[in-house]
Amino acid sequence: KYYDIKKNINEFNNSEKKYKKHELKKSLFESVESQLVSDVEIGTFLSGGIDSSLITSIASKINPKIETFTIGFEEKNFDESTYAKKISEFLNLKNFCFTVQPKDLLKVVDNLSDIYTEPFADSSQIPTSILSNFASKRVKVALTGDGGDEMFLGYNRYIYYKKYKHILFCNNFIKNYLFNPILKILYFNDKDKFQKIKKKLLNIKNIKTYYKSMIMEISEDIKIIRNLDQSKFFNEDDSNFHDDYSYMQFLDLKYYLADDLLVKTDRASMYNSLETRAPFLNKKILEIAFNLDLKEKINHFEGKLILKNILNEYLPKHLFERPKKGFGVPISKWFRADLNGWIRDIINSNFFDHLLDNEFYKQALNDHVSGKADNAQILWRYSIFHQWYLKNK
């Protein structure tokens, strides 16, 4: 490998150099400036979140005429387009927004196997593909905010660990005593969810099992794939890391960022003849991120503190301070309504009964439609595998 992320993280952690905010800001500015060099039209993907807003804000200082591109949803729980529009207006930039509807999923879904050439099933591939197509009609290059969450502790798994780590690794008697009353209050009407979360908490013994519990939607003891040992997944050694945050960052950078987020964006954009560039993915910025004091990145309630601090120099806080939404789509709602017939036909086809536990998926669909559970991501992955298989068998 030309670049070993584990080796570099260990080198950074063993360094005596401690970086400050002004050094990060300078490196971000230099990285954005270098990525803005282009012979063709260039814009930014602007979701309204911290990372894309910071990249766009810095880019606007270098190129005041840069254009921004946003995806919106009719479902308010997923829509951040109003914030993106306000941010663009504040920066005096043109914003172009496309509002996604269920019919747009069906238009895109037939192309997903061609775009990704594998059963790739991060459902945010839908807005990414639509956004890439939308932006490509005006620009040929777009900057993204990819990498900010992994480098500066932006995911909830980092915040939960910061808040609860002293309890999570206690013995099960103590965890039962502490968590049972809270879970009973939170899920007094949902015994299945109560048991599911309780089981998850009791299975957490160390940083490895904690990380697995945060990223895996289906428990390892449920054998959905016949004749496969699922226990080997994410079996990375957690030794030789400076702390548990570095270990989780290593896994996020090596697997989630590299095998999911970057694949999702790169293939969606290139399929639409659009080049995307990620200014956060710069070795100097990675070095700085791993040599900042932890308190500059995270507290018990939020992550990416230093990025928010820098962003506040460009934008007022009311434009970006709100709970993290991510770049998702409302397929949970769609599978219960507009796309219910579509997903039911796929699940009931029994196409993979020789390979997968089809009864598990049928039950997952029934539980989802009844509101007993939110199994949208599980169902989406099945549908993507089904589509990919039909095109490539």
Item to check | Top-ranked residue in region 112-129 [being over 17 Å from Tyr382 (Cβ atoms) and either open to solvent by 60 Å² or more (accessible area, probe 1.4 Å) or of a type in the set (Lys, Arg) (or both); ranked as nearest to the chain's Cα centre (by Cα)] | outcome: Thr117
Item to check | Condition met for Phe12 (in contact with a helix residue (DSSP H, G or I) (Cβ under 9 Å, 6 or more places away or on another chain), without any contact (Cβ under 8 Å) to a residue 60 or more places away in the chain and surrounded by 13 or more Cβ atoms within 10 Å (Cβ to Cβ)) | outcome: no
Item to check | Among the candidates Lys26, Lys65, residue that is under 20 Å from Cys97 (Cβ atoms) and free of Cβ contacts under 8 Å to residues at least 40 places away in the same chain | outcome: Lys65
Checklist entry - Taking Phe45 and the conditions (1) under 16 Å from Lys308 (Cβ atoms); (2) open to solvent by less than 40 Å² (accessible area, probe 1.4 Å), which numbered condition does it fall short on, given that it satisfies the others? => result (1)
Checklist entry - Considering only region 242-278, how many residues are of a type in the set (Ser, Thr, Tyr) and over 15 Å from Phe152 (Cα atoms)? => result 6
Item to check | Test: Ser370 is farther than 24 Å from Ile126 by Cα and either buried (at least 16 other Cβ atoms within 10 Å of the Cβ) or free of Cβ contacts under 8 Å to residues at least 60 places away in the same chain (or both) | outcome: yes
Checklist entry - Considering only residues of region 318-343 that are in contact (Cβ under 8 Å) with a residue 24 or more places away in the chain and more than 19 Å from Pro127 (Cβ to Cβ), which is surrounded by the fewest Cβ atoms within 10 Å (Cβ to Cβ)? => result Asn340
Checklist entry - For region 263-302, what are the residues that are over 18 Å from Ser34 (Cβ atoms) and in contact with a strand residue (DSSP E or B) (Cβ under 9 Å, 6 or more places away or on another chain)? => result Thr265, Asp266, Ala268, Ser269, Met270, Leu274, Lys297
Next on the checklist: Among the residues of region 56-71, what is the count of those that are buried (at least 19 other Cβ atoms within 10 Å of the Cβ) and touching a helix residue (DSSP H, G or I) at 6+ places or on another chain (Cβ under 6 Å)?
Outcome noted: 7
Checklist entry - Taking region 120-131, which residues are among the polar types (S, T, N, Q) and either at pLDDT below 90 or part of a loop (DSSP other than H, G, I, E, B) (or both)? => result Ser123, Ser124
Checklist entry - Just one of Ser231, Ser213 is modelled with pLDDT under 95, open to solvent by less than 20 Å² (accessible area, probe 1.4 Å) and of a type in the set (Gly, Ala, Ser); which is it? => result Ser213
Checklist entry - In this structure, does Leu307 turn out to be at pLDDT 95 or above, closer than 15 Å to Tyr211 by Cβ and surrounded by 19 or more Cβ atoms within 10 Å (Cβ to Cβ)? => result no
Checklist entry - Restricting to region 372-393, what's the tally of residues that are outside any helix (DSSP H, G or I) and either more than 22 Å from Leu105 (Cα to Cα) or touching an Asp or Glu at 6+ places or on another chain (Cβ under 8 Å) (or both)? => result 4
Checklist entry - Residues Ile218, Ile174: which one is open to solvent by 10 Å² or more (accessible area, probe 1.4 Å), assigned to a loop (DSSP other than H, G, I, E, B) and either free of Cβ contacts under 8 Å to residues at least 40 places away in the same chain or among the aliphatic types (A, V, I, L, M) (or both)? => result Ile218
Checklist entry - Scanning region 86-111 for residues that are touching a strand residue (DSSP E or B) at 6+ places or on another chain (Cβ under 7 Å) and of a type outside the set (A, V, I, L, M, F, W, C), which turns out least open to solvent (accessible area, probe 1.4 Å)? => result Ser88
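The values are calculated or read from the model by the stated rules, or taken from the named source; none is laboratory data. These numbers were taken from a predicted model, which means no experiment stands behind them. Neighbour counts run over all protein chains shown; Cβ positions are idealised from the backbone, glycine included. Heavy atoms of the whole protein, side chains included, go into the accessibility calculation; ligands, DNA and RNA do not. Shrake-Rupley method; radii C 1.70, N 1.55, O 1.52, S 1.80 Å.
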